Structures are given as structure tokens and as C-alpha cells.
1. If all Cα-Cα distances of segment 167-279 are sorted into 5 Å bins from 0 onward, what percent lands in each bin, rounded to whole numbers?
2. To the nearest 20 debye, what charge dipole does segment 183-372 have about its Cα centre, counting +1 at the Cβ of each Lys and Arg and -1 at the Cβ of each Asp and Glu?
3. Could you work out the mean projected area of the convex hull around the alpha carbons of segment 193-349, in square nanometres to one decimal?
4. Going out from 0 in 5 Å bins, what whole percent of all Cα-Cα distances in segment 317-378 drops into each bin?
5. Rounded to the nearest angstrom and ordered from largest down, what semi-axes does the equivalent ellipsoid of segment 120-179 get from its C-alpha gyration tensor (root of 5λ)?
6. Which whole number of Å³ per residue matches the convex hull of the alpha-carbon atoms in segment 7-91?
7. Between their Cα atoms, which of LYS165/LYS339; LYS126/LYS347; LYS143/LYS237; LYS126/LYS237; LYS152/LYS339 are more than 30 Å away from each other?
8. Taking the Cα centre of the chain as origin, sum charge times position over the Cβ atoms of Lys and Arg (+1) and Asp and Glu (-1), and report the length of that vector in debye to the nearest 20.
Amino acid sequence: MIFPDAMLGMLGGGQLGRMFTLAAHSMGYRVTVLDPDPLSPAGAIADVHLKAAYQDVEALQQLADTCAAVTTEFENVPAESLRWLASHCAVRPAGDAVAIAQDRIREKAFVRSCGIEVAPYAVIEKAADLDTADAALFPGILKRARFGYDGKGQARVANVAEAKKAFAEMGAESSVLEQRIALKCEISAVVARGADGSGRGFPVAENRHRNGILDVSIVPARVTPELAQRAEQWALKIAEKLDYCGVLAVEFFVTTDGQLLVNEMAPRPHNSGHYTLDACATSQFEQQVRTLCGLPLGDTRLLAPVVMVNLLGEAWQHGQPQWERVFLAPEGKLHLYGKHEARAGRKMGHFTMLGASADAALQKALIVRSALYPDWKD
Ligand code: ATP
Ligand code: MG
């Protein structure tokens with residue numbers, strides 16, 4: 001086990017890295033963040049902020065020399081950097097697991113190899129692949145295999161002609177064409193797996209998106225216990241088959257006829273797990289510290305039903321949002337990420353609202369949400 005006050009390394013300095021750093025600090029660890037952005041949210045509070053590229057040899061050498069263990073907060077970190085670091089210190093999760101989650105083509109094939117279902121899809125390497133794709137995949141969504149997030153690198157396409165146009169516009173890069181699924185709802189399972197192979201899930205969240213970006217998470221998800229359990233079991237199975245060490249998030253579709261399909265996974269804590277900070281015995285970030293340091297997994301029990309609402313740059317459209325609307329609710333908790341510029345679609349923070357039930361928490365949270373987004377009609 002790695003004990004305080006060891007130095008932990010974090011590749012990536014966004015809000016996930018920041019919340020990891022806060023958890024590590026409260027447990028007595030020190031943190032070095034590698035992120036080229038001098039204003040990065042995690043870099044601002046880290047003990048050491050290396051402002052260099054993720055492949056920078058000197059910066060990687062410094063991480064290797066000074067850190068007991070290194071992890072990451074975003075899946076687009078070069079897997080090569082993780083593999084190089086692994087020959088010098090503990091790296092969790094391993095570069096090979098991150099590499100699978102970085103690439104939708106490898107990811108979907110891997111999930112299927114676990115005997116778990118995904119939405120029907122076809123691999124699109126070149127425009128001609130669209131001509132031979134199964135017609136049942138339309139209407140579909142064309143998704144770039146790599147470097148997509150928050151609905152970026154995706155296009156809704158009704159037919160082959162639209163798909164060809166979108167494929168060219170997105171740079172003719174390796175992609176998947178996915179059938180558009182009729183959704184009853186979306187859920188996610190955040191699980192952790194320790195170096196000793198022990199696994200544990202957090203309560204499953206029900207997620208609502210707006211413009212392809214997570215908007216609201218409702219916990220516990222309002223699905224049958226059987227379905228929530230299956231989602232958790234599948235996420236744990238994926239973690240096991242990957243021989244994964246760390247926190248892993250799996251997003252699911254629940255179809256209108258009740259089928260569960262894996263959408264995608266993230267080799268790190270997840271936006272839909274932010275509720276754990278305020279509503280679980282252990283947060284997903286403390287769990288990340290625990291898995292990284294070889295400590296036993298923390299208790300993941302839910303202490304109260306909760307709803308999390310994302311705060312995007314749109315909330316700053318008319319200046320500072322009306323924060324008193326969050327603070328006036330005793331069950332409301334505000335989390336801001338220290339980002340200096342509010343742009344549309346940018347995740348600036350989130351708030352949570354506890355309640356006697358998921359529905360009661362949702363009702364209160366949506367009233368506050370509408371005050372913070374006066375221009376949103378839904
Ligand atoms: P993030 O990384 O933020 O989760 P992303 O860019 O990787 O997003 P996806 O998770 O693939 O994107 O898609 C974003 C959202 O778009 C989904 O959560 C879902 O609401 C919708 N969506 C994606 N694929 C499908 C599909 N095949 N059928 C129906 N809706 C879909
Ligand atoms: Mg997603």
C-alpha cells in the first residue's frame with residue numbers, strides 16, 4: 001500500500017483531476033499534475049503543476065522520479081506515455097486498458113467479446129464502407145472512433161448520402177455507424193476494481209442529456225432493481241476482463257422495450273458519478289485514490305437519494321448565476337471547478353440536491369436548475 005504523504009501523479013488537469021486532487025489532499029497525499037494549460041483546474045490546486053505536453057520526456061521523467069503511482073483523468077492521454085511510466089512506477093489503470101477505451105472500434109469489439117450487448121453498428125474506415133453497411137443501421141449516428149466527447153465528433157444521419165457527407169466533414173477518419181436507439185432512458189454504472197481483483201459498484205445513475213451533454217443524473221436510477229443490478233454486473237465484468245485497476249464508468253442505453261445495451265466506457269471517474277461526493281460513504285475520487293494506492297475499496301453505499309445538475313457555460317450568459325438559489329436549499333451543494341472562461345457547452349461546475357426520494361430531489365433540483373438557466377425552456 002502507498003500511504004500518505006506520498007506523491008501521486010495525475011495526467012490531465014481538468015475538473016476530474018481537480019476533484020481527485022481534493023480527495024487525495026484530504027487523505028494526506030500530495031499530487032503532481034501534468035497538463036500543458038497554465039490555468040488548468042487541477043494544476044491550480046496541485047502541489048506541483050508540470051506545464052508540459054503529455055508526451056514531454058522531461059515531464060514524464062519527473063513524474064517517474066517523484067511519484068509513487070500515476071493515474072489519468074481523461075481517456076485521450078497518450079497510452080504510450082502510460083506504458084512508458086509503467087516501467088518506472090505504478091500506473092493504474094494500465095495503458096492497454098485505456099487504449100481500448102480510447103477507440104470506439106476496439107471498445108465495442110471488446111464489450112461484445114465479454115458477451116455483453118452494444119447497439120448494432122458497423123465499422124466505417126472509408127466512404128465505401130457506408131454503401132455496404134446494413135440498411136437497418138439508418139437512421140443512425142456516425143461517431144468518430146477517437147477523440148469524441150460531449151457529443152462532439154458525431155453526426156445524426158438519416159441515410160447513406162447524409163452519412164457520406166458527415167464522414168467527409170469529420171475528416172474521413174475511422175468511425176462507427178451506430179443504429180439510433182429508441183431510448184426509454186440512459187443509465188451509468190461507476191465501478192472500482194482494486195489491484196487485488198476486488199470489485200465494487202456505486203449506485204447506478206439515471207442520466208438525462210441535453211444537446212449530447214450530460215445535464216442531470218438521478219440516483220437511484222428509476223429502473224427495476226434487476227436492471228440496475230445487471231448494469232453493475234456488466235461493468236464489473238468488463239473491469240475484470242480488462243484486468244482493470246482503478247475507477248471505470250460504463251454508460252448504458254435502456255431501450256423502449258427494456259433491453260440493456262452498453263453505449264461506451266470511460267477509464268476514470270465520470271460526470272454521472274459526481275453525486276458520490278455528497279451522497280455516498282466514499283466518493284468516486286476517494287475510490288480512485290484508494291485503487292491507485294492499493295488501499296481496500298471504500299464503502300459505496302448511498303446515504304440519501306440525490307440529483308446532480310451540470311452547470312455549463314450557458315448559465316453565465318447574463319453574468320454570475322443566481323447562486324443564492326442553490327445556497328437557499330439546505331440540501332443543495334455547489335461545486336465549481338475554477339475555470340476562468342465560461343463558454344457554451346463548457347462544464348463549469350455542478351450542484352447536487354439531496355431528497356427523501358429520487359423524485360423529491362429531482363423536483364427541487366429542477367426548480368433551481370431553471371433559475372440558473374433562465375434561457376432554457378426545458
Ligand atoms: P460523453 O463522452 O460526454 O459521454 P460522447 O461524445 O462520447 O459523450 P456518446 O456517449 O456516444 O457521446 O453520445 C452522447 C449522447 O448522445 C448519449 O448519451 C445519447 O443521449 C445520445 N446517443 C448516442 N448514441 C446514440 C444512439 N445510438 N441512439 C440514441 N441516442 C444516442
Ligand atoms: Mg457518452
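Derivation of every value follows stated rules applied to the coordinates shown; laboratory data play no part. All values reported here derive from a predicted model rather than from experimental measurement. Don't worry about glycine lacking a Cβ; one is built from the backbone with ideal geometry, like all the others, and counts go over all protein chains shown.
1. Whole-percent P(r) values from 0 Å outward: 2, 11, 21, 22, 18, 13, 7, 4, 1, 0.
2. Details: 20 positive and 19 negative charges, 59 e Å.
About 280 debye.
3. On the way: hull surface 41.4 nm².
Quarter of the Cα hull surface area: 10.3 nm².
4. The calculated distribution, bin by bin, is 4, 16, 27, 25, 18, 8, 2, 0.
5. 16, 12, 10
6. Working: hull volume 6.2 nm³, N = 85.
Looking at segment 7-91, the number lands at 73 Å³ per residue.
7. Details: LYS165/LYS339 35 Å; LYS126/LYS347 33 Å; LYS143/LYS237 25 Å; LYS126/LYS237 33 Å; LYS152/LYS339 20 Å.
Flagged as over cut-off: LYS165/LYS339; LYS126/LYS347; LYS126/LYS237.
8. Details: 39 positive and 44 negative charges, 98 e Å.
Rounded to the nearest 20 debye, it is 460 debye.
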